[in-house]
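Only one structure is covered here, and it is reproduced in the block below.
Readers should treat all values here as calculations from the given coordinates under stated rules, not as data from a laboratory. If you're wondering where the values come from, they're calculated on a predicted model, not measured in any experiment. FYI the Cβ positions are ideal-geometry reconstructions off the backbone, even for glycines, and counts take in every protein chain you see.
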Amino acid sequence: MFDAPHSALLCNILRHAINTPDKIALVEGDNRVTYAQLVTNIDQAARLMLASGLGPGDRIVLAALKELPFVYYYFAAHLLGVVNVVVDASSPRERLDYITSVVKPAALFGSGVYHVEGIPCHDFSWQDASEVKPDECTWPHVASTDVADIMFTTGTTGAPKGVCLTHDNIAGSASNTNGFIGTCSDDVEALALPLSHSFGLGRLRCVLSVGATLVLVGNFANLKSFFNILEAWHVTGFGMVPAIWQYIKRLSGRRIARFADQLRYIEMGSAALPVEDKRLLMELFPNTRLCMHYGLTEASRAMFTEFHTHSGNLETVGRPASALVEASVRDDDGNPVDDGVDGEICVRGNMVTGSYFLPEDNEDSFYGDWFRTGDWGHRDPAGDFYLTGRKKELINVGGEKVSPAAIEDAIRSLGITDCACIAIPDPNGVLGEVPKAFLQKSDNQPDIEEIKQQLSRLLPPHEIPVQWEWVDLIPRTNSGKIQRLKLKQ
């Protein structure tokens, strides 16, 4: 059996395989994998990687297919010190080609739909590795500070950046998250989130780290099937993004509340959730820990809030996830600002990346060891943090910093289905920048002048958009983030 002192995550999985070998770790369809089998399969995948010539520091592009072999190869790479570059194989080819050109991988895995000339491609096939006998296998030395994963950002404000996460980083994130949410070995979690993003991959690590059971679900598209899984496996927790909650609410109404007595926790994140939806979730799940995280791929789950605990303050994004995480609001020179004053939210801690893959992406990304999130906001005297908007997206109207998110919230409160705001040059050449609003078309859309008149009661004059445009759909990522760059094209 392997040894992996560099990876607290692998050490936890190994411990569960020793202490509870017959406990079910993973479920995929009719397949059941115990912790003992999981460790055996990780060992086998690692031997296959070694036999193909891969070793510490080599980078592989790993297609995040929600299949059992993905899990084996993902952790096998960690065992060997091979760096996982996790991608969504269904991404546009332009994105995949960009990632491949940047990281220059030694091999592609799970790449049945994604081939690159000159790079060895391996499907997620399960071969016999018995020819590599245990006494012939020497596991390489790997340090906990070595890079384990490279996750590329969505690129909503520029070219995707490769985020380097060490073994310590990913173990720290799992520990912080489990500590706040309370996930334990008795839990059964349904994972319908994609494994190609930080949220879904993080849930995989969290569940296996504590010795719980993870049921792999295709996605949330078939709600009846998802509900059947919740019932059949007596699921005690799951994760979702706000866009999925809107989908569940629209298609099932309040029916999901029938699982309120069995669900111990729900984790949410990746985008903002309206306060009214937080209140609805509290009503539907009065005894469930409703946890919402804040944090980028670079600083996974930096802060948390729990709706019932913060019932009197649902606007906050919470406080640092654990005692090992710090958050601070800083000015443009990197100096801390007083409570109540807006600035850039910065974080540091055990889960925060030390660098991006490309050196040029590190420019202006850190104040010393504080990572600059690019989010604008403030802290109150009680220690709770609040978001105002993305720093790069703030609109500078004659020296006044205007948050697109604040304008969008006001517009949506008037009954507009969806909207987005961006900065454009002031047509009069006086204010520098002014807001432009894009509104999603609907059957009963109001007149623009009517919208502007109603907004005048909600926003100061300089925050009311100068230009307006109706569009068929507001472009968003899978996790619900507005893709403002597409609106600027």
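Observations on the structure shown:
- Flagged links, alpha-carbon separation over 24 Å, of LYS278/LYS452; LYS392/LYS481; LYS224/LYS486; LYS249/LYS391; LYS161/LYS436: LYS278/LYS452; LYS224/LYS486; LYS249/LYS391; LYS161/LYS436
- Distance from the C-alpha centroid of the stretch 274-347 to that of the stretch 413-465: 28 Å, rounded to the whole angstrom.
- Rounded tilt (10° steps) of 275-284 against the dominant C-alpha axis of the chain: 50
- Relative packing of peptides 463-470, 332-339, 69-76 - highest average C-beta neighbours within 10 Å first: 69-76, 463-470, 332-339
- Relative contact order, percent, the stretch 1-76 [alpha-carbon distance under 8 Å, six or more residues apart]: 26
- Bridge orientation summary for the stretch 8-294: considering DSSP beta bridges with both residues in this region, about 25 percent are antiparallel.
- Nearest-ten-degree value, helix 242-252 long axis tilted from longest Cα axis of the chain: 90
- Nearest-ten-degree value, helix 198-209 long axis tilted from longest Cα axis of the chain: 40
- Pairs of alpha carbons in the chain whose separation is greater than 45 Å (percent): 13
- Summed side-chain charge close to GLY334 - residues other than GLY334 whose Cβ falls under 10 Å, Lys, Arg +1, Asp, Glu -1: -2
- Within the same chain, aspartates and glutamates fewer than 8 places from LYS401 are excluded, and of the rest, those with a Cα less than 16 Å from its Cα are ASP331, ASP332, ASP342, GLU344, ASP375, GLU393, ASP426, GLU433, GLU463.
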